[in-house]
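A.B. asks: Starting off with a structure, shown below.
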Amino acid sequence: MDLRYFTTEMYEKMQVRGALVFPANQEELELVKQRYVEYGRDFEALTTKSFEIIKPLLLKYAPEPIIELIERGELTGIHYPKPEVLTMVKQWRTELDEEWKEACRQYQDGYANYEHKLPVDRKIIHLLHDSKLLEININEDGNIELLLDSSSSMLNDNQLRLHFHGVSEYELSEDMIGNWWLYEELFWNEEEGSCTVNALLSSPLGYLTMNVLKIVAKDVSVQFSYDKR
């Protein structure tokens with residue numbers, strides 16, 4: 001299972017896009033290197049290590065001209081890229097940006113048609129990025145509670161609970177505990193009068209190891225560690 005719009009592939013492409021952002025100029029790169037020295041860190045070793053981590057994804061999604069640059073070692077970030085290299089990279093970054101914007105547009109176009117039917121706490125669910133899933137509780141009555149550490153999210157709250165009422169379907173697993181909440185999609189099921197919450201999660205088991213959470217429920221409510229509403 002994967003999300004419909006904000007897929008695992010889309011997340012991987014956004015990681016690639018982020019890895020292709022370079023300092024504004026050579027002078028700025030030298031300042032970055034100087035900061036590494038001041039903190040006793042090896043710029044070249046750490047930059048090379050970061051590049052090697054993202055390299056498989058670069059090779060997975062990059063067009064052939066970019067792959068040639070990778071193989072020639074021109075995108076490691078150790079040296080400032082040549083003007084023609086920057087132009088090629090900027091063009092590909094723009095293409096990735098447009099792909100992200102198109103996914104957002106498609107989701108928002110559909111979402112606008114049924115948003116008013118979704119639970120009142122729908123806007124809070126869309127602010128959970130970078131929250132950490134701490135607990136999954138499936139109660140005897142079939143309701144589900146998720147405890148999240150939301151201190152790193154846009155909510156800036158210590159913890160919150162998502163309460164799913166009238167659950168008719170779910171896909172959850174124990175290995176989701178400790179995962180980070182990345183993207184979410186909310187859908188309205190007209191015939192059932194229910195809401196589907198899908199979320200892409202990042203597992204601590206390994207870089208870019210993903211899980212997908214799915215819960216279909218009649219209602220979803222949020223309980224903060226303190227009442228801020």
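The values are calculated or read from the model by the stated rules, or taken from the named source; none is laboratory data. Given the structure is predicted, the values throughout are model-derived calculations rather than measurements. Cβ placement follows ideal geometry from the backbone for every residue including glycine, while neighbour counts extend to all protein chains displayed. The accessibility values were calculated without ligands, DNA or RNA, using every heavy atom of the protein model including side chains. Shrake-Rupley method; radii C 1.70, N 1.55, O 1.52, S 1.80 Å.
One line per residue, one yes/no per condition, for (1) in contact with a Lys or Arg (Cβ under 9 Å, 6 or more places away or on another chain); (2) open to solvent by 40 Å² or more (accessible area, probe 1.4 Å); (3) within 19 Å of Glu52 (Cβ to Cβ):
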| residue | (1), (2), (3) |
| --- | --- |
| Arg72 | no, yes, yes |
| Gly77 | no, no, yes |
| Tyr80 | no, yes, no |
| Val89 | no, no, yes |
| Trp92 | yes, no, no |
| Arg105 | no, yes, no |
| Asp109 | no, yes, no |
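A.B. asks: I'd like the full set of residues that are farther than 18 Å from Thr76 by Cβ and either among the acidic types (Asp, Glu) or not in a helix (DSSP H, G or I) (or both), limited to segment 25-46.
C.D. replies: Glu27, Glu38, Tyr39, Gly40 - these are the residues of segment 25-46 that are farther than 18 Å from Thr76 by Cβ and either among the acidic types (Asp, Glu) or not in a helix (DSSP H, G or I) (or both).
Residue-by-condition table, conditions (1) touching a residue at least 40 places away in the same chain (Cβ under 8 Å); (2) closer than 30 Å to Trp188 by Cα:
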| site | (1), (2) |
| --- | --- |
| Thr7 | yes, yes |
| Val16 | yes, no |
| Phe22 | yes, no |
| Arg41 | no, no |
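A.B. asks: Ok, one more. If you take the residues in segment 191-225 that are surrounded by fewer than 15 Cβ atoms within 10 Å (Cβ to Cβ) and in contact (Cβ under 8 Å) with a residue 40 or more places away in the chain, which one is farthest from Thr7 (Cα to Cα)?
C.D. replies: Within segment 191-225, the match that is farthest from Thr7 (Cα to Cα) is Ser225.
A.B. asks: Answer yes if at least one residue in segment 34-50 is of a type outside the set (Val, Ile, Thr) and within 21 Å of the chain's Cα centre (by Cα), and no otherwise.
C.D. replies: yes
A.B. asks: Another question, if that's okay. List the pairs whose first member sits in segment 141-152 and is farther than 16 Å from Glu171 by Cβ, whose second member is outside any strand (DSSP E or B) and among the charged types (D, E, K, R), and whose Cβ atoms are under 6 Å apart, counting only residues at least 6 apart or on separate chains?
C.D. replies: Ser150/Asp157; Ser152/Asp130
A.B. asks: Go through Gly18, Gly40 for me and flag whichever is exposed (fewer than 13 other Cβ atoms within 10 Å of the Cβ) and on the phi > 0 side of the Ramachandran plot.
C.D. replies: From the options Gly18, Gly40, the qualifying one is Gly40.
A.B. asks: Which of the residues spanning segment 1-15 are surrounded by 17 or more Cβ atoms within 10 Å (Cβ to Cβ), part of a loop (DSSP other than H, G, I, E, B) and among the hydrophobic types (A, V, I, L, M, F, W, C)?
C.D. replies: Leu3, Phe6
A.B. asks: Right, here's the next one. Say we look at segment 22-37 and pick out the residues that are open to solvent by less than 80 Å² (accessible area, probe 1.4 Å) and of a type in the set (A, V, I, L, M); which of these is nearest to Pro83 (Cα to Cα)?
C.D. replies: Of everything passing the filter in segment 22-37, Ala24 is nearest to Pro83 (Cα to Cα).
A.B. asks: Every residue in segment 68-104 that is free of Cβ contacts under 8 Å to residues at least 24 places away in the same chain, part of a helix (DSSP H, G or I) and either under 30 Å from Tyr36 (Cβ atoms) or of a type in the set (A, V, I, L, M, F, W, C) (or both), please.
C.D. replies: If the condition is that a residue be free of Cβ contacts under 8 Å to residues at least 24 places away in the same chain, part of a helix (DSSP H, G or I) and either under 30 Å from Tyr36 (Cβ atoms) or of a type in the set (A, V, I, L, M, F, W, C) (or both), then Glu68, Leu69, Ile70, Glu71, Pro83, Glu84, Val85, Thr87, Met88, Lys90, Gln91, Thr94 are the ones that fit.
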